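Take a look at the structure set out below.
The values are calculated or read from the model by the stated rules, or taken from the named source; none is laboratory data. Keep in mind the model is a prediction, meaning the values are calculated, not measured. Virtual Cβ from ideal backbone geometry, glycine too; neighbours counted across all protein chains shown. Note: accessible area is taken over every heavy atom of the protein model, side chains too, but ligands, DNA and RNA are not part of it. Shrake-Rupley method; radii C 1.70, N 1.55, O 1.52, S 1.80 Å.
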Amino acid sequence: MRRGSWKIRIFIGLAIVAFAFIQKCSNTEENPYTGRSQHITMSADQEIAIGLQSAPEMAQQHGGLYPDQRLQAFVESVGNKLVQNSIARETPYQYDFHLLADDQTINAFALPGGQCFITYALFSQLNEAQLAGVLGHEIGHVIGRHSAERIADSQTWQTATMGATVGAGDMGSILGSIGQNTLLKNGRGDELESDELGVLFMIQSGYDPYEMIKVMEILKTAAGPNRTPEFQSTHPDPENRIAKIKEAIDKYKNQG
Ligand SMILES: [Zn+2]
């Protein structure tokens, strides 16, 4: 009797793991803007809704929006220029570019669906072309649908881990940690893809793409000895990024 229930447990566990991966395969689609095939479980409308819903809270976490309307308008105009001159214009996303009041944290990020942010701490160190590089990189995250892809991947791993836990106890936590590493590694891939798209958008808007390399140097200096483990695990080494950015410049320079 005990033996039988053990077999059933393994069977159910395997079925859950199999379900997770079949679902992953059936939700794989090619991104029309990057040509990369990816695992996505939400629509563009859902991405936009999530982004719009979380935007006020994200702004609040960074001290709200920077109060100077002139600088807000400047960030918005550089962002819009990148959108209007690139494939971003043809996507369903609603782009908004916000300058955050935070003057301590060097950061920029994008929410799914087009809400892009840069902190004053980073903004204040950049010239216009470098700002275009940072915003182009963030538009790259939106077009690359990186958040939606991470959400879909973590759903798969959660389901698979649950299956493995049901089926074979400790296997669940092993699979869980493999999933964690995979998500982090994909996170690094996201950064490289966004850097490449950022370079392309800079060229298409008439900015000097070599300024993107200066952005990396600014980030490297800013990270300094205070670089956190989280930063290290989710961001590729700036040197590695610079090498890839140079490759992207060579690739796109003659297409601008
Ligand atoms: Zn990024």
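Odds and ends about this structure:
- FRET efficiency for Arg188 and Gln23, using Cβ-Cβ distance with R0 set to 22 Å, rounded to 0.05: 0.35
- Relative contact order for the chain: 21 percent, from Cα pairs under 8 Å spaced at least 6 residues apart, divided by residue count.
- With contacts taken as Cα pairs under 8 Å at a separation of at least 6 residues, region 54-112 carries a relative contact order of 49 percent.
- Normalised convex hull volume, region 58-129, alpha-carbon set, Å³ per residue: 84 Å³
- By the rule of a C-alpha distance below 23 Å, with chain neighbours fewer than 8 residues away ignored, the lysines paired with Lys251 are Lys81, Lys214.
- Using the alpha-carbon positions of the chain, Rg (one decimal) and Dmax (whole number) come out as 20.6, 75 Å.
- Our analysis of region 1-143 gives Rg over Rh at 1.20, with the two radii drawn from alpha carbon positions and Rh computed by the Kirkwood formula.
- Selection from Val17, Leu192, Tyr93 lying farthest towards where the dipole of the chain points positive, charges on Cβ: Val17
- Eigenvalues of the alpha-carbon gyration tensor of region 77-117, scaled by 5 and square-rooted, set the equivalent ellipsoid semi-axes at 22, 11, 7 angstrom, largest first.
- Portion, in percent, of the accessible area of region 1-111 that falls on carbon or sulfur, probe 1.4 Å: 56 percent
- Paramagnetic reach from Thr41 (point 7 Å along Cα→Cβ, amide N under 19 Å) across region 128-150: 145-150
- Residues in region 60-145 average 39 Å² of solvent-accessible surface per residue, probe 1.4 Å, ligands and nucleic acids excluded.
- In summary, the helical segments of the chain meeting the span-like criteria, namely a full DSSP H run, a Cα extent along the axis of 27 angstrom or more and a mean Kyte-Doolittle hydropathy of at least -1.0, are 2-26, 146-168, 171-204.
- 5 angstrom amide H check on Asn85, placed H, neighbours 5+ away: none
- In region 1-149, the DSSP beta bridges split such that about 60 percent are antiparallel, to the nearest 5.
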